[in-house]
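Everything on this sheet refers to the single structure shown next.
Coordinate-derived values only; no laboratory data. Please read all numbers here as calculations on a predicted model, not as lab measurements. We place every Cβ from the backbone using ideal geometry, glycine too, and count neighbours over all the protein chains shown.
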Amino acid sequence: MLEIVPFTLGPFMTNAYLVGSPRSGEAVVIDPAWDGHIILKAAQERGWRITNLWLTHAHMDHLGGAAAIADGCNPPPPVALHPDDYWLWRNEGGAPWFGMRLDPGPEPTIDLAHGMTMYLDGVEFQVRHAPGHTQGHVMFYLPAQAVLFCGDVIFQGSIGRTDLPGGDYDQLIESIRTQVLSLPDQTRLLTGHGPETTVGVERVHNPFL
């Protein structure tokens with residue numbers, strides 16, 4: 001059983017997730033949001049070694065802590081991102097749109113793709129491409145624990161915004177229909193912002209669906 005440690009960080013109140021194996025001490029960070037030193041400290045306190053940074057997408061609030069984590073690890077963990085969001089990563093996650101500057105951290109070297117399988121201590125995560133919020137947005141499904149790390153695709157009672165470059169409302173709704181609502185109702189949705197929810201709750205109560 002993997003342990004999931006959630007954080008809510010930065011000016012956009014972004015959810016980041018430290019996922020570790022108490023057995024092996026290996027860990028990954030999904031969406032290393034602002035204040036990467038906080039995530040790094042939590043891993044160190046547990047005796048975990050961060051081996052990868054997995055990005056659901058390349059908006060600045062989901063990768064703002066990557067540089068600090070990389071600086072605190074030897075060697076720096078490789079970064080995984082869908083290639084359709086590389087342009088956004090190179091543009092500092094869109095920070096200039098908001099009059100900000102940002103160090104996006106290490107350049108991604110793992111190209112995520114739909115149907116790809118990632119592993120943490122032998123436990124399988126399935127990569128689900130879910131464009132609409134950004135063109136390269138992916139989600140990470142952990143079937144052994146019925147958990148979907150869904151980034152900014154869907155929230156409790158809401159969905160991701162589609163008014164930024166690369167956004168497409170119809171595409172996002174289709175991604176939710178095919179990649180989220182196709183999962184069992186009991187699946188936990190660990191979102192990019194706000195509280196967690198489940199597929200079943202959102203299927204019935206989400207006003208956008």
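Each peptide in 195-208, 43-56 receives the mean, over its residues, of other Cβ atoms within 10 Å, and ordering these scores from highest gives 43-56, 195-208.
Between Arg101 and Ala144, the modelled labels are 4.4 nm apart [label points 7 Å from Cα along Cα→Cβ].
Computed with the Debye formula from one identical point scatterer per Cα of the chain, without solvent, the log10 of I(q)/I(0) at q = 0.08, 0.18 Å⁻¹ comes to -0.23, -1.29.
Couplings 3J(HN,Hα) of the stretch 46-51, computed from phi: 8, x, 9, 10, 6, 9 Hz, in residue order, whole Hz [Karplus 6.51 cos²θ - 1.76 cosθ + 1.60, θ = phi - 60°; x for Gly and Pro]. Whole-Hz Karplus values for the stretch 140-151 come out as 10, 9, 10, x, 4, 10, 6, 10, 10, 7, 9, x Hz, taken residue by residue from phi with 6.51 cos²θ - 1.76 cosθ + 1.60 and θ = phi - 60°; glycine and proline positions read x. Computed from backbone phi with θ = phi - 60° and the Karplus coefficients 6.51, -1.76 and 1.60, the 3J(HN,Hα) list for the stretch 95-112 is 4, x, 4, 10, x, 10, 10, 8, 8, x, x, x, 5, x, 10, 10, 8, 7 Hz; x is used for glycine and proline.
Amide H contacts for Leu120 (H built 1.01 Å from N in the peptide plane; partners 5 or more residues away or on another chain; cut-off under 5 Å): Phe125.
The charge dipole of the stretch 3-205, taken about its Cα centre with unit charges on the Cβ of Lys, Arg, Asp and Glu (plus for the first two, minus for the last two), comes to roughly 300 debye. With the simple spin-label model, which puts each label point 7 Å out from Cα in the Cβ direction, the Phe208 to Asp168 separation comes to 1.6 nm. Answer rounded, prolate or oblate for the stretch 64-132, using the Cα gyration tensor with square roots of eigenvalues a ≥ b ≥ c: rounded when a/c is under 1.5, else prolate when a/b is larger than b/c, else oblate. The shape class here is oblate. What are the trypsin sites (Lys or Arg not before Pro) within the stretch 126-184 that DSSP puts in a loop, where the Cβ has at most 14 other Cβ atoms within 10 Å? The qualifying sites are Arg161. Peptides 134-147, 74-87 ranked from most to least packed by the mean count of surrounding Cβ atoms within 10 Å: 134-147, 74-87.
Percent of Cα-Cα pairs more than 25 Å apart in the stretch 1-112, please. Let's see the in-between values first.
On the way: 893 of 6216 pairs.
In whole percent, the long-distance tail amounts to 14.
When only Cα pairs below 8 angstrom with a gap of at least 6 residues are kept, the stretch 1-121 shows a relative contact order of 22 percent.
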